[in-house]
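Pasting a structure here, questions to come.
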Amino acid sequence: MSYVELHAHSYYSLLDGVPTPEALVAQAVQYQMPALALTDHDALYGAPRFWRAAQAAGIKPIFGCELTLAGAAGHLTLLAETQAGYANLCQLITLARNAQTKGSAALPRAVLAAHSAGLIALSGCRGGVLAQALRQRQPEHALQLAARLAQLFGRNNFFIELQRHHERGDRARNCALQTLASQLQLPLVATGNVHYLESTDAPLHDVLTCIRSRVALEHAGSLLRTNAEYRFRTPQEMAALFAEWPAALANTLVIAARCQAQLPHGPQQLPKIELPPGVNAAEYLTALCQAALQTRVAAAAAPAYRETLARELEIISEQQLANYFLVVWDLVRFARQRGILCQGRGSAANSLTAYLLGITPVDPLAAGLVFERFLSRERITQPDIDIDFAADRREEAIQYLYQKYGPAHTAMACTMITFRARSALRDAGLALGFAPALLDRACAAVDDYSAGRLPDSSSLRAAFGAQLDTPRWQQLLQMAARLAGFPRHLGLHNGGMILCAQPLTQHIPVEPASMEARSAVQWDKDALEMADWIKLDVLGLRMLSAIDSACRFVSQHTGSPPDLSALSFDDAGVYAMLCRGETIGVFQVESRAQAALIPKFQPRSFADLTVQIALIRPGPVQANMVHPYLRRRSGREPVVHLHPSLAAALGETLGVILFQEQVLKVARDLAGFSAGEGELLRRALSHKHASAQLETFRQRFIAGAQQRAVNADTAQAVFEQLKAFGGYSFSKAHAAAFAVITYWSAWLRHHHPLQYFAGLLCHQPMGFYAPHVVVSDARRIGVRFLPVHIQHSQAAVTVEQNAIRLGLGYVDGLGAAHIELLERARPFHSLLDLVQRTRLPRPQLEALILAGALDCFGERRALLWEMAGAYRTAQRPPALPLPTADEHAQLHPLQPAERLAAEYAATGITVAAHLSSLRRAAFAAAGTRQIASLRTLRNGQPVTVGGVIVTVQRPPTAKGMCFLALEDSSGLVNIVVPPQVYAQYRSGCRAPFALVCGRLQLDGGAVHVVAQRVEPV
Amino acid sequence: MFYKTRTRILCLHYFNLAVGLERQRQPELAARPLVVVRIWDAQVLDACPLAAAAGVQPGAARRRVEQLCPEAALLPAAEDDYQQLHAALRTTLLHFAGAGRVEAAALGEFYVDVAGLTSAFGSETDLAEQLRAALAPVTALAPAIGIAENKFTAARAAAAHHAAGCASGALLVAGGSAAEFLAPQPLQALPNLPAEMLRRLQLFGLHTLGNFAALPAAAVATQFDAAGLCYHALARGRDARPLLPHTPPLILRCSHALPEGLPDRQALHNHAGRLAQRLAAALQAASVHTTALAVELQQDTGPAQQAGAAVKPPCADARRLQRMAQRLLEQFELTTAAGTLRLTAYPLRAWHLGASQPELLPERTARPSDNMHQTVRALRQRFGAPVMQLASTLGPPQPLPLQVRSAPDGSPQLVRLPKNNGTRTVQQVLEFWREQRSWWEQPVQREYYLVEAVGGRLLTLFHDARAGWFLDRRCEL
């Protein structure tokens, strides 16, 4: 073998490389190369994928990068020879990214010396340090640079890099570099500087260049490469190109043989929290759990808990995760000490250890959960604990980690934002010179998600017709389709955090994030999982913030906040409220689908809530699990198990497989799988392309069942049931953890509605409904509201005189700075006084007037008129402070409907009356019924209702059906719009106010109207 | 002694001229709302009152029409016919009123200075009837006529006349009573009223011109500054705008007959290029820029094909129009049948409108030569070919075609230089490089050789994949 490619870019050289890491490896294998180096620009984003592909293909992965030096000094190609070299590579990349704008890098040359050990440096491409100096006709300077780099990296570790791409000046440059190498007795190496696999990929590379540089192709000029030679050449081609430099080719093999650096595999060593003297992490964890066991578990149940705890702690200890649990425990403890509402969610709620540590809220034994769903000996990936924090205080938790463990040991996971249909269409279109307005139209028309679908997009075809068949459009669509899945830019993972006992930069390069005081490792969550790194998800949940605010309001009223952790989930009044359908603002159960289910479902216990949360999901709906369950629950269908041994696992869900944990239990009870094996089966069921794996599991399942005296046909039928439902099942632990929050929110709504709705309104937008719907619902149960007031309103909603006072934050366009200005300057004596002392911008002042916040100064219309004069006076006070008669105008005051409309336009909320009152006359003329009265009518009766359309849903799985929620002052009703009606009354379904004529459908307590006409009003 | 002549302006407006013509042509559509849509940009040119009441406005997209007024019949605009009628009407008015007294404002809308003409006709009503009689042979459509002391009031009078179902006569607004006449009309009657000003007036509860006119001028100035005062004056029936007898034509059109047997698309592009040059010359002669360009190809087989695009910024530059026309032609299906190619520039504006300081030095270029090339390109787009004819003499010399005998590997061995400069034997190839660019429009694939000929002369040759061997006469900056 004559050649190894040591300079190759994947598409992780953002907008400068075309092939995936896997494609590069595949090509190297095809060329029979024993190794391949990946050298993306200033990054190791693709290192884990590259490593995995190389391992699978049996070739050696060499980790490197093309580093950008500061001061326009050019590029340097670095390859990690040793593990120390790999660490230095990560550190150099981190330093290069430090203090730079997002997406750029510039390494000060001075820091190279401290981080050169274990690295092999190549002098770079045409943009390399030496080539630049030679191009600028400074051979002496190039010589000095080369000597310095040789000294820095070592003579055996610095190679002069030769490249030939049939560009003008290649030969002269290579000859000059050879001369330089001879003078300094430095070795040569030939590289391909691969940016794409084939010449046919060169146009795509040009488009990427234009996207990166934000120019059209016709204006790109020298930004584009002059030919299509930056492809992955065969060793034979390289041999022909470098025939006069055979040593340069041979050295590629020498270098490849020397490079032995490995990808740092996880799990990483986590930072240790402070432990009591003489105690290690596992022992401390055990002690904490046992202490909690004493206080949280009744003595009678203790043996089962102790046994479960011992089993969990054994597995945790084997997998060396004790410290991980302690880190999470410490974070949650910090949050609770600060009064930040938080709780764990997801599969971690299956863990008794997590429960006893106070991380998760659900007793897993009482809830019938399975630890192995979270962690087992058989599990091949690291566990992941997700913690929800009150959204407005999540940053405190994140900064606590940064401060406690140090910024060198703490970072967030990145996320790679990739091209989708619209972004690909727009960016490729701009590069190809399409007019922005035309691209806007195209992007508005397209409803495909993946860019790969663009050439066959029916939505684009509907918008543009035969125009799409022209060569230019076809060029655009094909080019945009090729961008599918390409990384576009780097983002920050929502909450994934990485901790490491060693400085992170020894293992993964770290970049500063756009957000202040944040940094991100260069691996996304998939890369971290591939490399087996542990992360911790620090997530924000607005409902927790709303609950927290509600509790504070209760505390203001009663003197102490309610102790939610002491609630016992058995308040009949709470369940009765839910069963009446009063669910707006209640976590996870307020959607129209949930509202339609509740009257039939009638939840009466915590277990019911858990089922309800898991049931209304796309998966169970699609897999037709919902109706069988409801039929069995209502007794209309018998509960039948395919085998008696399934009763224990499926009894709680009446024979329907709803929870992921039930897959584990069925596999255990029927086929003797261990819980860990059951979890592997569960994962295979949820993977679309695991058919080979599933077949293996099927055979084992049937064999195991037969060993337990279950006949093969029954076993086969059960396995088919697992296949049909298992892939769509939901984690019970996750549902149960959420059910806790659901219960808390319902409890607060039931017992402290005023404070609860105030809490909800403090943290909008959230939930399923717009704020005005939340307000209307609150008014229906007697909650009073006070409008925005310039003298009394705070930024956020407050509770005042047994009513909810809307905050200044609800006024359209009023930002935090404006609000602070108003709060500092008030009280105000007049409009003029306000303008003079704050100089609030006109749009914001107009919004305040329209919202009614300045009603204390006069009639709104008169104030609007006075506004212009006030600004003029504030700028240039007149000699005599008297308005002239000529500046007065006789204006009619706003009528009540106009006031209501103005208030809604300015705040999104109406306090005085329901929005539907704006169309009262039209509804009355049409003879509409009050929505609240519908349940008193008979099923199938023709009805006409009118109101505000508050939600419109057309789920892709609903076969063209449209679901509206219509609200009047008395309540909400679901409107079901069949496809043919939607096609005819599309504008009505999208109008703010609508008149719906149809037939009433009463179904087990649920009320729907099946629309025959939907007309805008 | 000087007499102040009393100003009297007649507004003659064929409302919905396009719709009216189409209804005449297709009476079977009488019962349906009618919307005329321009083919090349699928935008509404004209909408009947029913469609307008449903929210369809000129300039709206076709899809919007389908949403707002699904029962409307959408007809392709026959712009030739509308322009011909408009021109004929203008000619008749010129004959009627005399040169210098007629302003063609928009399609089917004219202003005529009739001050002093009444004496010839007896009364303004008689004048209007005579005018109708003069126009009747031109078109059976009935115009609305309004006569008032200024253009705005006359236009509103015509609109009121039209709303009243005009069949004869005119709506006369006596001198001094413009304000009273305008008072009940909506604010939207004010021409090009800024949306923000309309919004604020409505916020103040003002919905009619009378409401607005009733405001003290000082108050209007305080609220809306000078622009508001102009509209305030209009609302009060005061319009000082003079009649403009010399306005740019609504469109300019050039067409060219295509022979049968058009070999390929390139030939069509060549025709389009020549047409674009003619059109640009016509624009420059009229001192106007075009804001849109439409291309129509009508071949003997198949339906007419149209495409168009806005020209931003407006220009009269031949190369830009040529490139636009060629891009638009890419959308067409081409056959070998004979036909007609037509370019239309419209609507037109005076060249100085919208002028701004151009950005001459673009960003993001690496080399001085690139800066120069891009600056030249920017100047060309802004100021047209005449400027660039001067600049092009500074451009690189054109490559010269050569005869070359090449070796099996493609490298040149023997070169016959042009212009009797003799034959040179290549002693050695000093350098080879390859260029592959402009794949998105006209791909360039060239292989360059820097050779040393016998005798020491250095030559740069290239082989173009389509055009053969050339001598490259550029020198590096």
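The values are calculated or read from the model by the stated rules, or taken from the named source; none is laboratory data. Just so it is clear, the model here is predicted, and its values are computed rather than measured. No Cβ is skipped: glycine too gets one built from the backbone with ideal geometry, and neighbour counts run over all protein chains shown. The accessibility values were calculated without ligands, DNA or RNA, using every heavy atom of the protein model including side chains. Shrake-Rupley method; radii C 1.70, N 1.55, O 1.52, S 1.80 Å.
Just to check your reading of the model, which residue among A:214, A:173 is surrounded by fewer than 18 Cβ atoms within 10 Å (Cβ to Cβ) and among the charged types (D, E, K, R)?
After ruling out the rest, the residue left standing is A:214.
Still on this structure: Restricting to segment B:249-285, give me the number of residues that are within 15 Å of residue B:315 (Cα to Cα) and free of Cβ contacts under 8 Å to residues at least 24 places away in the same chain.
1
What about residue A:780, is it open to solvent by 30 Å² or more (accessible area, probe 1.4 Å) and either under 28 Å from residue A:899 (Cβ atoms) or of a type in the set (Lys, Arg) (or both)? Quick ask: steps written out before the conclusion?
Values: open to solvent by 30 Å² or more (accessible area, probe 1.4 Å): yes; either under 28 Å from residue A:899 (Cβ atoms) or of a type in the set (Lys, Arg) (or both): yes.
Here the answer is yes, as residue A:780 does meet what is asked.
Identify, from the list A:47, A:57, A:70, the residue that is under 28 Å from residue A:492 (Cα atoms), open to solvent by 10 Å² or more (accessible area, probe 1.4 Å) and among the aliphatic types (A, V, I, L, M).
Working: A:47 fails: open to solvent by 10 Å² or more (accessible area, probe 1.4 Å); A:57 fails: under 28 Å from residue A:492 (Cα atoms).
It is A:70.
Next up: If you take the residues in segment A:783-829 that are among the polar types (S, T, N, Q) and open to solvent by 40 Å² or more (accessible area, probe 1.4 Å), which one is farthest from residue A:857 (Cα to Cα)?
A:802
So for segment A:423-434 (the condition being on the phi < 0 side of the Ramachandran plot, away from every other protein chain (no Cβ under 14 Å), open to solvent by 40 Å² or more (accessible area, probe 1.4 Å) and in contact (Cβ under 8 Å) with a residue 24 or more places away in the chain), does at least one residue qualify?
So far as segment A:423-434 goes, no, none of its residues is on the phi < 0 side of the Ramachandran plot, away from every other protein chain (no Cβ under 14 Å), open to solvent by 40 Å² or more (accessible area, probe 1.4 Å) and in contact (Cβ under 8 Å) with a residue 24 or more places away in the chain.
May I pose another question? As an exercise: evaluate residue A:871 against (1) on the phi > 0 side of the Ramachandran plot; (2) within 14 Å of another protein chain (Cβ to nearest Cβ) and give the number of the one condition it does not meet.
Just one mismatch for residue A:871, condition (1).
Which is outside any helix (DSSP H, G or I) and under 23 Å from residue A:345 (Cα atoms), of A:728, A:743?
A:728
Have a look at B:179, B:136, B:106, B:140 and point out the one that is surrounded by fewer than 19 Cβ atoms within 10 Å (Cβ to Cβ) and at pLDDT below 90.
On the way: B:179 fails: at pLDDT below 90; B:136 fails: at pLDDT below 90; B:140 fails: at pLDDT below 90.
So the residue among B:179, B:136, B:106, B:140 that is surrounded by fewer than 19 Cβ atoms within 10 Å (Cβ to Cβ) and at pLDDT below 90 is B:106.
Conditions tested, residue by residue: (1) surrounded by 16 or more Cβ atoms within 10 Å (Cβ to Cβ); (2) outside any helix (DSSP H, G or I).
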{"site": "A:442", "(1), (2)": "yes, no"}
{"site": "A:452", "(1), (2)": "yes, no"}
{"site": "A:462", "(1), (2)": "no, no"}
{"site": "A:465", "(1), (2)": "no, no"}
{"site": "A:473", "(1), (2)": "yes, no"}
{"site": "A:477", "(1), (2)": "yes, no"}
{"site": "A:480", "(1), (2)": "yes, no"}
{"site": "A:484", "(1), (2)": "yes, yes"}
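Moving on. Check whether at least one residue in segment B:197-212 is of a type outside the set (Gly, Ala, Ser), surrounded by fewer than 16 Cβ atoms within 10 Å (Cβ to Cβ) and within 31 Å of the chain's Cα centre (by Cα), and report yes or no.
Within segment B:197-212, one or more residues are of a type outside the set (Gly, Ala, Ser), surrounded by fewer than 16 Cβ atoms within 10 Å (Cβ to Cβ) and within 31 Å of the chain's Cα centre (by Cα).
Let me ask something additional. Yes or no: segment B:36-44 includes at least one residue that is closer than 27 Å to residue B:241 by Cα, open to solvent by less than 40 Å² (accessible area, probe 1.4 Å) and assigned by TED's automatic domain parsing to the domain that holds residue B:146.
No, segment B:36-44 has no match at all.
What residue, among those in segment B:308-330 that are surrounded by 22 or more Cβ atoms within 10 Å (Cβ to Cβ) and within 11 Å of another protein chain (Cβ to nearest Cβ), is modelled with the lowest pLDDT?
B:328
Now, a different point. Would you confirm whether or not segment A:84-98 contains a residue that is basic (Lys, Arg), outside any loop (DSSP other than H, G, I, E, B) and open to solvent by 10 Å² or more (accessible area, probe 1.4 Å)? Can you show your working first?
At the first step, the residues of segment A:84-98 found to be basic (Lys, Arg) are A:97.
After this cut, where a residue has to be outside any loop (DSSP other than H, G, I, E, B) as well, the list is A:97.
Applying the additional criterion that residues be open to solvent by 10 Å² or more (accessible area, probe 1.4 Å) yields A:97.
Within segment A:84-98 (the criterion being basic (Lys, Arg), outside any loop (DSSP other than H, G, I, E, B) and open to solvent by 10 Å² or more (accessible area, probe 1.4 Å)), the answer is yes, since at least one residue qualifies.
Residues to consider are A:189, A:194; find the one that is modelled with pLDDT of 95 or more and more than 43 Å from the chain's Cα centre (by Cα). Explain how you work it out, then say what you get.
Details: A:194 fails: more than 43 Å from the chain's Cα centre (by Cα).
Every option except A:189 fails the conditions.
Next up: Can you report the number of residues in segment A:205-221 which are facing chain B (nearest Cβ under 7 Å) and among the β-branched types (Val, Ile, Thr)?
1
Among the listed residues A:155, A:148, identify the single one that is open to solvent by 10 Å² or more (accessible area, probe 1.4 Å), away from chain B (no Cβ under 14 Å) and touching a residue at least 24 places away in the same chain (Cβ under 8 Å). If you could, list the steps in order and put the result at the bottom.
Details: A:148 fails: touching a residue at least 24 places away in the same chain (Cβ under 8 Å).
Unique residue meeting the criteria: A:155.
Please pick out the residue among B:261, B:228 that is among the small types (Gly, Ala, Ser) and modelled with pLDDT under 85. Before you say what the answer is, go through the steps one by one.
Details: B:228 fails: modelled with pLDDT under 85.
Only one candidate passes the filter, namely B:261.
Show me the helices (runs of 4 or more DSSP H) entirely contained within segment A:504-620 in which 3 or more residues are in contact with a His (Cβ under 9 Å, 6 or more places away or on another chain).
Result: A:542-558, A:572-579.
So which residues in segment A:886-934 are part of a loop (DSSP other than H, G, I, E, B), within 14 Å of chain B (Cβ to nearest Cβ) and of a type in the set (A, V, I, L, M)?
Selection gives A:889, A:891, A:894.
If you don't mind, there's one more thing I want to ask. What do you reckon, is residue A:136 within 14 Å of chain B (Cβ to nearest Cβ), exposed (fewer than 15 other Cβ atoms within 10 Å of the Cβ) and at pLDDT below 95?
Working: within 14 Å of chain B (Cβ to nearest Cβ): yes; exposed (fewer than 15 other Cβ atoms within 10 Å of the Cβ): yes; at pLDDT below 95: yes.
When the stated conditions are applied, residue A:136 passes them.
So which residues in segment B:206-247 are at the interface with chain A (Cβ under 10 Å from one of its Cβ atoms) and assigned to a loop (DSSP other than H, G, I, E, B), if there are any at all?
B:206, B:214, B:215, B:216
I've got another one for you. What helices (runs of 4 or more DSSP H) lie completely within segment B:112-205 and have 3 or more residues being in contact with a strand residue (DSSP E or B) (Cβ under 6 Å, 6 or more places away or on another chain)?
On the way: elements: B:118-121, B:124-135, B:151-163, B:178-182, B:195-203.
Hits in segment B:112-205: B:151-163.
Identify all residues within segment A:254-274 that are of a type in the set (A, V, I, L, M, F, W, C) and open to solvent by less than 50 Å² (accessible area, probe 1.4 Å); write none if there are none. Break it down stepwise before answering.
Pass one, segment A:254-274, residues of a type in the set (A, V, I, L, M, F, W, C): A:254-257, A:259, A:261, A:263, A:270, A:273.
Once the filter is applied, which keeps residues that are of a type in the set (A, V, I, L, M, F, W, C) and open to solvent by less than 50 Å² (accessible area, probe 1.4 Å), segment A:254-274 yields A:255, A:256, A:259, A:261, A:263, A:270, A:273.
I need the full set of residues from segment A:277-302 which are modelled with pLDDT under 90, open to solvent by 30 Å² or more (accessible area, probe 1.4 Å) and assigned to a helix (DSSP H, G or I), in order please.
Selection gives A:294, A:295, A:296, A:299, A:300, A:301.
Tally up the residues in segment A:709-725 that are of a type in the set (Gly, Ala, Ser) and surrounded by 14 or more Cβ atoms within 10 Å (Cβ to Cβ), please.
Summing the residues that are of a type in the set (Gly, Ala, Ser) and surrounded by 14 or more Cβ atoms within 10 Å (Cβ to Cβ) in segment A:709-725 gives 2.
How many residues, within segment A:44-83, are in contact with a Ser or Thr (Cβ under 7 Å, 6 or more places away or on another chain) and part of a loop (DSSP other than H, G, I, E, B)?
1
Count, please, the residues in segment A:160-170 that happen to be open to solvent by 10 Å² or more (accessible area, probe 1.4 Å) and more than 7 Å from chain B (Cβ to nearest Cβ).
2
Among the numbered criteria (1) within 14 Å of chain A (Cβ to nearest Cβ); (2) modelled with pLDDT under 85; (3) farther than 29 Å from residue A:431 by Cα, which single criterion is violated by residue B:417?
Tallying (1) within 14 Å of chain A (Cβ to nearest Cβ); (2) modelled with pLDDT under 85; (3) farther than 29 Å from residue A:431 by Cα, residue B:417 fails exactly one: (1).
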